1. Check L197, L216, L243 and return the single one that is in contact with a Phe, Trp or Tyr (Cβ under 8 Å, 6 or more places away or on another chain) and outside the structural domain of D147 (by TED's automatic domain parsing).
2. Please determine, by comparing only the residues of the stretch 236-285 that are assigned to a loop (DSSP other than H, G, I, E, B) and either at pLDDT 95 or above or of a type in the set (A, V, I, L, M, F, W, C) (or both), which one is surrounded by the most Cβ atoms within 10 Å (Cβ to Cβ).
3. Based on what the data block shows, is V33 of a type in the set (A, V, I, L, M), under 21 Å from F236 (Cβ atoms) and outside any strand (DSSP E or B)?
4. One residue is enough: does the stretch 207-218 have a residue meeting the conditions surrounded by fewer than 17 Cβ atoms within 10 Å (Cβ to Cβ), at pLDDT below 85 and β-branched (V, I, T)?
5. Between residues in the stretch 284-310 that are within 10 Å of I266 (Cβ to Cβ) and residues that are among the small types (G, A, S) and surrounded by 17 or more Cβ atoms within 10 Å (Cβ to Cβ), which pairs lie under 8 Å by C-beta distance while being six or more apart or on different chains?
6. In the stretch 231-242, is there at least one residue being of a type in the set (K, R), more than 25 Å from M65 (Cα to Cα) and without any contact (Cβ under 8 Å) to a residue 40 or more places away in the chain?
7. I'd like the full set of residues that are farther than 19 Å from E290 by Cα and free of Cβ contacts under 8 Å to residues at least 24 places away in the same chain, limited to the stretch 326-342.
Amino acid sequence: MQREIAKNELRIVKDGKYGAENNEVKGGWDGMVGELVRNEADLTIAPITITSERERVIDFSKPFMSLGISIMIKKPMKQKPGVFSFLNPLSQEIWISVVFAFVGVSIVLFIVSRFSPYEWRILHHSDEPIRLPPHLHTNSGGTMANDFSLLNSLWFSLAAFMQQGGDISPKSISGRIVGACWWFFTLIIISSYTANLAAFLTVERMVAPINSPEDLASQTEVEYGTLMGGATWDFFKRSQITLYSRMWEFMNSRKHVFVRSYDDGIRRVRQSKGKYALLIESPKNDYINEREPCDTMKVGRNFDAKGFGVATPLGSPLRDAVNLAVLSLKEDGELTKLKNKWWYDRTECPKDKQDSLRNELSLSNVAGVFYILIGGLFVAMGVAALEFCYKSHLEAKRAKIPISDALKSKARLTLGVGRDFDNGRQAILHKSHSHHQHQHTGQSNTLNRCQRHVPPAHMTVHGFLCVFAFLNLHSSHLTLHCPDKGGSRGVMGVMGVMTPPIQFSIQRCQNEFSGANGS
């Protein structure tokens, strides 16, 4: 084969061009096409694109490589995951939709719970609440109650979405249907989120400013051009497609975007800091991207499918022989092997390997979660302070005492008595201010009257509740201790979870005190 090649003259085209129409040269064409037209060469072996204009003046073999016009840009810098990158597995639209779904489900659950008789219950004056049958009315005494208030409905939906169990659950069929649908929805959303979370937290991503020809044509910040006089240049010049015509108008109005050679264009891409894109044939683009310094990349799809061919003068007998050789190499897979060998097997750029050890999570990956936690704690403390002040204001208004006294009394109860409740100590009442001495005897008698209504078995709990009602009515500066035996239930009632028997007992004692004060 070497002897056969040695018999022929191999040289580079004189003007270094592929070939375009040029009325200033003989034959009307320059480059390799012009030399074939003028019979200065018998064959061209080069990545010369087959076009209809060239086919009119020279012959082409069957294409030995398919291609399209592609976009080459400089590789953007890899961006590390941001503080709130844990939100990236789901798009912004999905997160907004989830919020609306959460609110909508909570409202629907609240409505169906209000309409369903099975969600209502009647509170009797006994130790345990009794479920209200559908046909039972409230004329038998007691208070109607429904667990699914609007706030409780929101809490139930939030607990289900966070994959946590709630302290209440629907009792009616309609409520359970709402709950089951919400559980299924959260199962799919949470599973999809979890499946993608690791990839978004550990992988450093490159965000390209351009991803398609449409992106390129719709902006002016990144300039783009192509080889002057080449097949790509001719394609945009003659195209009747609106998108490509607009791109040609942009390039033609800025003559400096055209380059004299592909080497100049590639150099310009590398030095432009992402502000220049080169429109180039896809095989050339793929090849350059695998060569050092590995700082270019191909983006978007190929457009205008074409092919490379071997060119000969019109009517040359070499065309048929070349066609047979090209078809034979294609059928044997030799052309594919050659492309893989020279494009990818001998790449000079290392492949990005995802190493789980190197891609361990850092604090910056999940810092947003800590921000949310800290923010939630501060919000909770602020709400607790508002609740404290609001409750103190109500008690001060009811007892007709200064707000400062109410705040001190509540603070003393919170800081001092709360510890006594937790430790289960003996219950003792101490009077604190001397200016209330003249009321002490009458109030003690009233307290005894209240306690006489309480059965001996419940004396400890209800006696404590009478003391609590006494404290609320008169707002005396008292120190309150809780009994060990049977005291825990009374503590829970006082400290926030008011069960119906406790509410009734407090009301009963308050009525006693009110009667005593009025007499």
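The values are calculated or read from the model by the stated rules, or taken from the named source; none is laboratory data. Computed from a prediction, not measured in an experiment: that's the story for all the values here. With ideal geometry, Cβ positions are generated from the backbone for all residues, glycine too; neighbour counts draw on all protein chains shown.
1. Every option except L216 fails the conditions.
2. This residue is F258.
3. yes
4. yes
5. N285/S70
6. No; the residues of the stretch 231-242 include none that is of a type in the set (K, R), more than 25 Å from M65 (Cα to Cα) and without any contact (Cβ under 8 Å) to a residue 40 or more places away in the chain.
7. Within the stretch 326-342, S328, E331, D332, G333, E334 meet the criteria.
Okay, residues lined up against (1) modelled with pLDDT of 85 or more; (2) surrounded by 14 or more Cβ atoms within 10 Å (Cβ to Cβ); (3) not acidic (D, E); (4) not in a strand (DSSP E or B):
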residue	(1), (2), (3), (4)
K62	yes, yes, yes, yes
M72	yes, yes, yes, no
E93	yes, no, no, yes
I96	yes, no, yes, yes
A101	yes, yes, yes, yes
S106	yes, yes, yes, yes
